[in-house]
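Chemist: Quick one: the structure is below, questions incoming.
The values are calculated or read from the model by the stated rules, or taken from the named source; none is laboratory data. If you're wondering where the values come from, they're calculated on a predicted model, not measured in any experiment. So basically every Cβ, Gly included, is an ideal-geometry build from the backbone, and we count neighbours across all protein chains shown. For the accessible areas, the whole protein counts, side chains as well, though only heavy atoms, and no ligand, DNA or RNA atoms are used. Shrake-Rupley method; radii C 1.70, N 1.55, O 1.52, S 1.80 Å.
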Amino acid sequence: MTFVGIALANLRAAKTRNLLLAVAFFFAFCLFGVLTAFEQAFNAEATTDAGRLITVNKLSFMQPLPATHFGRLLGISGIGEATFASWFGGYHREPKNSLHAFAVDPATYLEVYRSDILLSESEKTRFKQDRLALLVGEAMAAKWGWRVGDTIPVLSRSIVQKNGSRSWQFTISGIFKGGSAQVDTNFMFLRHDYFNDARAISQDTIGWIVLRPLPGVDSQSLSNAIDREFLVDPASTATDTERSFNRSFAAQLGNVALMTSLVVGASLLTLLMIVVNTVMISVRERRKDIAVLKVLGFSPARIVSIYFAEVLIVATFGGIAGMVAAFGAIKSLGPMLTQIAPGMALSVEVLTIASLLIAVTSLLAVTAPAVFVLRLPALSSLQRS
């Protein structure tokens, strides 16, 4: 009988045990695939232009800035292009149907974010010409079945119009795509000029300013110059890179990388303990078989390699099934997590790590059995049996 044949025969001899072991690998690697893909998407930096800076109210990014700050900022030397935006929020039909919406400057926002927000020239033109125009991301449009030309109501919990209404009517002028898989398109953009004129309170304020320095201008020096300009202003500012701003915002959810590592590590450690215990039971039960193999001339290394092959076969089937399940789970969960983990997917890196973990787990699982096999005296074991 061949080496692989012995391993397969041993697996068939304990079908239930090996099936349960494969199930353990399935759940562990399904969890690994989903959580690792989430962590990678959450911490992805592909959506962030490293050269962009964000200026917010120093007290809190939730506090608005006077609209005049934008004009004053443009007068600072070293700024290439800039835009501004405000948070709008809102919901569709019912409060549970939250919509992530921003009021933006139509003349500048699409230029600053031209690499992230992909639109046709006709869609850009319609947005700039129609004060009631609305740009919707393809993920949001697909979710609600919206098309270009549709007129939709957006209701707000906190932003009231001058006429007392909380319902804002817009016409979709374009549906934008993301410049990369990591760009979230579960957003909508309305015109800031219309938003500012129609709202009852907080007029002539903006939420934040986004800018890009001129080539060769140091970002840190420019940030310091901007904050010095508004140092004694009642609405003083804090300027940082967009990447740092996004990281600090994400940090409010906690250390996602650490939490993910702890959960994945705990699941893999538990899996390893289960596998080691299962293999040790199998080795003790097949004590006589091991003694016979030794008498027939099988070296301890070859006997251990048979157990390694058994574990590797079970781990491979269970691990592959788990990663396939993780792929399906990510496809289902991805649209619901676009706000915090856009572009969530099983990357080649994740699949490579999973493959290595299957091999390493199988190798570690036979370490303790290997010691047992080395110490097992063949003749005395046969005599006892």
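Chemist: Which number in (1) within 23 Å of GLN129 (Cβ to Cβ); (2) open to solvent by 20 Å² or more (accessible area, probe 1.4 Å) marks the one condition that ARG212 misses?
Modeler: (1)
Chemist: What are the residues in region 90-114 that are without any contact (Cβ under 8 Å) to a residue 40 or more places away in the chain and outside any loop (DSSP other than H, G, I, E, B), if any?
Modeler: Within region 90-114, SER98, LEU110, GLU111 qualify.
Chemist: If we keep just the residues of region 288-326 that are open to solvent by 40 Å² or more (accessible area, probe 1.4 Å) and among the polar types (S, T, N, Q), which is modelled with the lowest pLDDT?
Modeler: SER299
Chemist: Under 30 Å from SER180 (Cα atoms) and at pLDDT 85 or above: is that true of ILE340 in this structure? Don't jump to the end; show me each part of the working.
Modeler: Working: under 30 Å from SER180 (Cα atoms): yes; at pLDDT 85 or above: no.
Taking the combined requirement at face value, the residue does not satisfy it.
Chemist: Looking at HIS192, HIS100, can you tell me which residue is open to solvent by less than 20 Å² (accessible area, probe 1.4 Å) and not hydroxyl-bearing (Ser, Thr, Tyr)?
Modeler: Going through HIS192, HIS100 in turn, just one is open to solvent by less than 20 Å² (accessible area, probe 1.4 Å) and not hydroxyl-bearing (Ser, Thr, Tyr): HIS192.
Chemist: Only one of (1) under 30 Å from ARG228 (Cα atoms); (2) of a type in the set (Ser, Thr, Tyr); (3) open to solvent by 40 Å² or more (accessible area, probe 1.4 Å) is not met by SER120, so which one is it?
Modeler: (1)
Chemist: Looking at region 123-139 only, could you name the residues that are over 23 Å from the mean Cα position of the chain (by Cα) and touching a residue at least 40 places away in the same chain (Cβ under 8 Å)?
Modeler: If the condition is that a residue be over 23 Å from the mean Cα position of the chain (by Cα) and touching a residue at least 40 places away in the same chain (Cβ under 8 Å), then GLU123, LYS124, ARG126, PHE127, ASP130, ARG131, LEU132, ALA133, LEU134, LEU135 are the ones that fit.
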